[in-house]
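Peer 1: Right, I'll just put the structure down here and ask away after.
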Amino acid sequence: MASLPLQLVVLGAVLGVALAAAALILISFVAFVTATEMPPLHRHEEEKFFLNARGQKETLPTIRDSPTKQLSIVVPSYNEEKRLPIMMDEALGYLEERQKQDPTFTYEVIVVDDGSKDQTSKVAFKYCQKYGSDKIRVITLVKNRGKGGAIKMGIFSSRGEKILMADADGATKFPDVEKLEKGLKDLQPWPDQMAIACGSRAHLQTESIAQRSYFRTLLMYGFHFLVWFLCVKGIRDTQCGFKLLTREAALRTFSSLHIERWAFDVELLYIAQFFKIPIAEIAVNWTEIEGSKLIPFWSWLQMGKDLLFIRLRYLTGAWRLERTRKMN
């Protein structure tokens with residue numbers, strides 16, 4: 001007969017498993033009942049227009065229109081009046097020089113002011129006045145939607161055959177877009193003209209760890225494990241803000257996107273892998289820029305919760321993806 005201590009150990013293990021199962025069931029129930037429908041692309045009246053260089057209103061196009069540019073760059077911006085000019089100067093210097101070298105190259109930069117409380121829109125509009133509204137457009141959102149929501153608004157107003165997501169802080173060197181373009185090209189043939197190239201900082205991980213506290217390093221490893229375990233396999237850096245999508249891939253993925261804040265990148269790639277959209281991960285140059293909107297502990301905690309809820313909501317059917325989803 002088993003000794004009393006051994007019986008207590010077994011009983012404790014059984015209770016532990018039962019409590020863990022109950023907790024998972026409870027969390028799954030909470031994830032299911034709190035799941036909202038996919039946020040519609042609701043535009044306030046002011047968000048249906050942009051101002052041309054003369055200050056006149058013009059109606060924004062939609063991603064369902066035929067493309068008229070080779071490259072669209074979408075820059076989500078929240079209180080970025082100080083950092084945005086540095087990024088814009090570098091980006092436009094590169095883009096203008098590329099256009100001089102190749103007159104057939106066409107581009108647009110769409111700055112999406114995500115309900116900023118500073119002068120972000122005014123700063124961005126100066127570039128529209130300098131370069132013209134065919135190249136620079138500013139969308140000013142009435143209220144803050146979150147980075148994913150702001151990018152979605154910009155992408156759905158774009159005219160490019162390819163669409164680049166680029167952060168307003170200028171942390172990634174803009175000429176690296178050519179690396180992403182090569183990454184996309186190497187994925188051909190693209191199924192249904194869909195492919196994604198993700199900028200990656202994974203090759204800089206050893207250096208970044210040396211500059212971080214043990215606590216932040218632990219948070220980083222924990223987040224990466226959750227991403228791998230719950231949502232996205234095979235992508236080492238899901239959070240780099242430098243991503244290039246074909247127009248068709250952008251329409252397919254962002255049409256299905258629920259998350260509008262920091263963890264939207266993970267859901268975006270989860271959706272892409274569900275639809276079997278080929279993804280290339282490309283090493284890019286990256287420098288940490290002061291002024292990050294992320295609050296280390298609470299932002300990572302929020303993203304961890306979002307990762308768990310992304311997985312549970314798709315598993316429980318609260319959110320659904322249809323492989324035969326029509327694109328028109």
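Rule-based calculations on the coordinates, nothing more; no lab input. Owing to the predicted nature of the structure, the values given are computational and were not obtained by experimental measurement. Heads up, the Cβs are rebuilt from the backbone with ideal geometry, glycines too, and the neighbour counts pull from every protein chain shown.
Peer 1: Where a ≥ b ≥ c are the square roots of the eigenvalues of the C-alpha gyration tensor, would you call the stretch 85-212 rounded, which needs a/c under 1.5, or, failing that, prolate if a/b is larger than b/c, or oblate? Each step should come with its number before you reach the end.
Peer 2: Numbers: a/c = 1.43, a/b = 1.15, b/c = 1.25.
In terms of gyration-tensor shape, rounded.
Peer 1: Quick check on the stretch 103-143: take the gyration tensor over C-alpha atoms, sort the square-rooted eigenvalues as a ≥ b ≥ c, and tell me if it's rounded (a/c under 1.5), prolate or oblate.
Peer 2: On the way: a/c = 3.80, a/b = 2.10, b/c = 1.81.
Cα axes put the stretch 103-143 in the prolate bin.
Peer 1: Which pairs break 32 Å Cα to Cα here: K122/K305; K130/K243; K100/K276; K185/K233; K69/K126; K126/K152? Kindly include the intermediate steps, with their values, before the conclusion.
Peer 2: Numbers: K122/K305 36 Å; K130/K243 27 Å; K100/K276 37 Å; K185/K233 22 Å; K69/K126 22 Å; K126/K152 23 Å.
Listed pairs above 32 Å: K122/K305; K100/K276.
Peer 1: Next question, about the same structure. Roughly what would the spin-label model give for K185 and T287, points 7 Å off Cα along C-beta, in nm?
Peer 2: 2.8
Peer 1: Which of the chymotrypsin sites (Phe, Trp or Tyr not before Pro) found in the stretch 82-166 are loop residues per DSSP with 15 or fewer other Cβ atoms within 10 Å of their Cβ?
Peer 2: When the chymotrypsin sites (Phe, Trp or Tyr not before Pro) of the stretch 82-166 are filtered for loop state and at most 15 Cβ neighbours within 10 Å, F105 remain.
Peer 1: So for the stretch 45-117, taking the charge dipole from beta-carbon charges (+1 Lys/Arg, -1 Asp/Glu), which of S66, G55, S116 sits furthest toward the positive end?
Peer 2: So the residue we want is S66.
Peer 1: Taking the Cα centre of the stretch 135-200 as origin and charging only Cβ (+1 Lys, Arg; -1 Asp, Glu), how large is the dipole, in debye to the nearest 20? Provide the component values of the computation, followed by the final result.
Peer 2: Working: 12 positive and 8 negative charges, 73 e Å.
In debye, rounded to 20, the stretch 135-200 gives about 360.
Peer 1: Please compute the modelled spin-label separation between L301 and K143, points set 7 Å along Cα→Cβ, answer in nm with one decimal.
Peer 2: The answer from the label model is 2.5 nm.
Peer 1: What does the C-alpha gyration tensor say about the overall shape of the stretch 41-111? Classify as rounded when a/c is under 1.5, otherwise prolate if a/b is larger than b/c, or oblate. The partial results should precede the final answer.
Peer 2: Working: a/c = 1.99, a/b = 1.24, b/c = 1.60.
Since a/c reaches 1.5 but b/c is at least a/b, the shape of the stretch 41-111 is classed as oblate.
Peer 1: Which value in nm describes the separation of the simple spin-label points at T68 and K117, placed 7 Å from the Cα toward the beta carbon?
Peer 2: Between T68 and K117, the label points sit 3.8 nm apart.
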